[in-house]
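Here the structure is laid out as structure tokens; the discussion comes afterwards.
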Amino acid sequence: MKTDLTRAYLALAVVCLAWGTTYFAMLIGVQTFPPFMFSGIRQAAAGIILFVFLLLSGRLSKLSWRDVLHLCIPGILMISLGNGMIGWTERYIPSGLAALIVSVMPVYIVMISYVSGADRKKPNARILAGLLLGTLGVILIFRDNVKDLANPGYFTGMIVAFIACFAWASGSVYAKYKPVRVSALTNAAIQMTGGGLTLVLAGFFLDDLSEFKTISSESIWSLLYLIVVGSLLAYSCFVYALEKLPVGLVSIYAYINPFIALLLGFFFLDEKLTWMTLLALSATLSGVYFINRGYRKP
């Protein structure tokens, strides 16, 4: 049991670090690659690779078609509506801002869990304090971006990012409280494949497919990085952590990711990083601490 818990925390650490870099990679990738196709190919390729590995190694869990359809629901919520739409928004908003919007994830998860009846236990004072501090961090960041809301593309990108965040939170709660008894890797393979193929299908209707003629080598490399690190490694770790740890605790990756995304954007993409941003980072880190303490409290 203790070994499983240690592995779960290590898996969560991988998610926090790896997914923080994916916003940077997605921004590079979708500049020349049709965005829904980009995310769809990334996730479907990772899911199929994982399927083949599990099949050849004899580790693929036995599944019924009902199990597959059941597992595809969080895959569509988190991969298709969550990850896919975030990739699209990065054509219109900075990668750091996209990550910061996703950082409201713990607020959504606590609300969805309680309102839906999935978790009727009321959040304790530490968790509430953590959520408030995390939300304060996001508000402080937005204070630096108010003037950009006059840009229609920027405003639409923000709204879609919030919808994507809500979809991912819904998928996380569904996966946690309506689990199918299969291995974490089988679970991840089905969710990535189902969500990825849904995005590829959507790309035929929503993307400008003529952009395939002008895809840059940077977009290709970012796609390969996201398949291996962002999907195969990090998503498998995410599913494992979600099985072993409280869903509210697992959601703290949404607080860590913005720090990494902001720093990468600042150093490599010339995205702004002001004293207000640093104040927001401090508030959010405090939120992570209180949420962690709140879920460890008996």
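If you go through the range 157-189, how many residues are farther than 18 Å from Met111 by Cα and not in a helix (DSSP H, G or I)?
Of the residues in that region, 5 qualify.
Out of curiosity, is Ser282 part of a helix (DSSP H, G or I) and surrounded by fewer than 18 Cβ atoms within 10 Å (Cβ to Cβ)?
Here the answer is yes, as Ser282 does meet what is asked.
What are the residues in the range 77-103 that are open to solvent by 40 Å² or more (accessible area, probe 1.4 Å), more than 14 Å from Pro34 (Cα to Cα) and in a helix (DSSP H, G or I), if any?
Leu77, Leu81
Suppose we keep only residues that are part of a helix (DSSP H, G or I) and hydroxyl-bearing (Ser, Thr, Tyr) within the range 29-65. Which one would you say is least open to solvent (accessible area, probe 1.4 Å)?
Ser39
May I ask you to verify whether Lys122 is free of Cβ contacts under 8 Å to residues at least 24 places away in the same chain, more than 17 Å from Thr89 (Cα to Cα), part of a helix (DSSP H, G or I) and open to solvent by 50 Å² or more (accessible area, probe 1.4 Å)?
Answer is no for this residue.
Restricting attention to the range 234-245, which residues are closer than 13 Å to Gly47 by Cβ and open to solvent by 10 Å² or more (accessible area, probe 1.4 Å)?
Of everything in the range 234-245, just one residue is closer than 13 Å to Gly47 by Cβ and open to solvent by 10 Å² or more (accessible area, probe 1.4 Å), namely Ser236.
Every residue in the range 127-152 that is in a helix (DSSP H, G or I), over 24 Å from the mean Cα position of the chain (by Cα) and at pLDDT 85 or above, please.
Of everything in the range 127-152, just one residue is in a helix (DSSP H, G or I), over 24 Å from the mean Cα position of the chain (by Cα) and at pLDDT 85 or above, namely Pro152.
Which residue pairs have Cβ atoms under 7 Å apart, sit 6 or more places apart or on different chains, and have a first residue in the range 8-20 that is more than 15 Å from Ala261 (Cα to Cα) and a second that is among the charged types (D, E, K, R)?
Ala8/Lys244
Those residues that are out of contact with any Lys or Arg (no Cβ under 8 Å at 6 or more places or on another chain) and within 18 Å of Phe36 (Cα to Cα), I need them from the range 167-198; list them, please.
Residues satisfying the conditions are Ala167, Trp168, Gln191, Met192, Thr193, Gly194, Gly195, Leu197, Thr198.
The values are calculated or read from the model by the stated rules, or taken from the named source; none is laboratory data. What you are looking at is a predicted structure, and each value in this text was computed from that prediction instead of being measured. With ideal geometry, Cβ positions are generated from the backbone for all residues, glycine too; neighbour counts draw on all protein chains shown. Quick note on the areas: whole protein, heavy atoms, side chains included, nothing else; ligands and nucleic acids left out. Shrake-Rupley method; radii C 1.70, N 1.55, O 1.52, S 1.80 Å.
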